[in-house]
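Here is the structure we will look at.
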Amino acid sequence: MKIFLDTANLDELRKGASWGIVDGVTTNPSLIAKEGKPIEEQVRAICDIVDGDISAEVVATEFKAMVEEGRKLSKIHKNIIVKLPLIRDGVQACKALESEGIRTNVTLCFQAGQALLTAKAGAYIISPFVGRIDDMGYEGMTLIQDIVQIYKNYGFKTQILAASLRTTNHVIAAAKAGAHIGTLPFKTLDGLFNHPLTDKGLEQFLKDHAKAFGNK
Ligand code: G3P
């Protein structure tokens, strides 16, 4: 499973990229707004840090405007993936942009039927949100499993990007379900490294080594 960082924060991206395990970045209008810079500027800076797919989302909600905004975003850098909300005009814009060779990520997917429509429109990526379904009291991971099954049944090439992953368990379950990509906030990625037995084991190794050989 590819790992993307779900942030527009440059410090988090630099840190994550330095570990050598970040394959791409997802942003959305809320994450861009948090950083306070216009999307073109922020996304260009992100492209300089991470060499991989970088999703930049349109804020237009009407077909023609979405296509125009998508074209503009795609010109920022060759790695830009145009992110579109999963509404009727968004799916229509996905079809139009993909037919021009502009790759799209269709976002805000909450049920498998929406993912079927998105694949039929030829999207490069579909983004189902796990955590926000959990928030409603349902099992978000079922959505990933259902989409994996449906895309497999018909050989759809659209990549499944598990979004709104907030815990280590979310990440493991998305990988087990067969998501192609998981996008993680920095905190979730950082947490994936941790296990108390790793720390305890390392402490003991170093102690034993120092006892036998000193601190050299
Ligand atoms: O970027 C979309 C998604 O990953 C947001 O996650 O935690 O705000 O539901 P969350």
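Points to keep in mind about this one:
- The condition of being touching a residue at least 60 places away in the same chain (Cβ under 8 Å) and aromatic (Phe, Trp, Tyr) holds for only one of 193, 213, 186, that being 186.
- Residue count for region 45-57, restricted to those that are surrounded by 15 or more Cβ atoms within 10 Å (Cβ to Cβ) and either over 15 Å from residue 125 (Cα atoms) or touching a residue at least 60 places away in the same chain (Cβ under 8 Å) (or both): 6
- Candidate set: region 122-140, residues that are crowded, with 22+ Cβ neighbours inside 10 Å and free of Cβ contacts under 8 Å to residues at least 60 places away in the same chain; chosen: the one farthest from the ligand (Cβ to nearest atom): 123
To keep it simple, each residue is scored yes or no on (1) surrounded by fewer than 15 Cβ atoms within 10 Å (Cβ to Cβ); (2) closer than 20 Å to residue 8 by Cβ; (3) hydrophobic (A, V, I, L, M, F, W, C).
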{"position": "157", "(1), (2), (3)": "yes, no, no"}
{"position": "161", "(1), (2), (3)": "no, yes, yes"}
{"position": "166", "(1), (2), (3)": "no, yes, no"}
{"position": "178", "(1), (2), (3)": "no, no, no"}
{"position": "181", "(1), (2), (3)": "no, yes, yes"}
{"position": "185", "(1), (2), (3)": "no, yes, no"}
{"position": "193", "(1), (2), (3)": "yes, no, yes"}
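- A residue that is within 17 Å of the chain's Cα centre (by Cα) and assigned to a strand (DSSP E or B) occurs somewhere in region 25-47.
This table checks each residue for (1) touching a Pro at 6+ places or on another chain (Cβ under 9 Å); (2) more than 16 Å from the ligand (Cβ to nearest atom).
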residue: 5; (1), (2): yes, no
residue: 22; (1), (2): no, no
residue: 27; (1), (2): no, no
residue: 38; (1), (2): no, yes
residue: 41; (1), (2): no, yes
residue: 70; (1), (2): no, yes
residue: 102; (1), (2): no, yes
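- Helices (runs of 4 or more DSSP H) (entirely within region 111-216) containing at least 3 residues that are of a type outside the set (Gly, Ala, Ser) and within 24 Å of residue 16 (Cα to Cα): 168-177, 186-192, 196-213
Read the figures in this text as sums done on the coordinates, not as results from a lab. Owing to the predicted nature of the structure, the values given are computational and were not obtained by experimental measurement. Quick reminder, even Gly has a Cβ in these numbers, built from the backbone with ideal geometry, and neighbours come from all protein chains shown.
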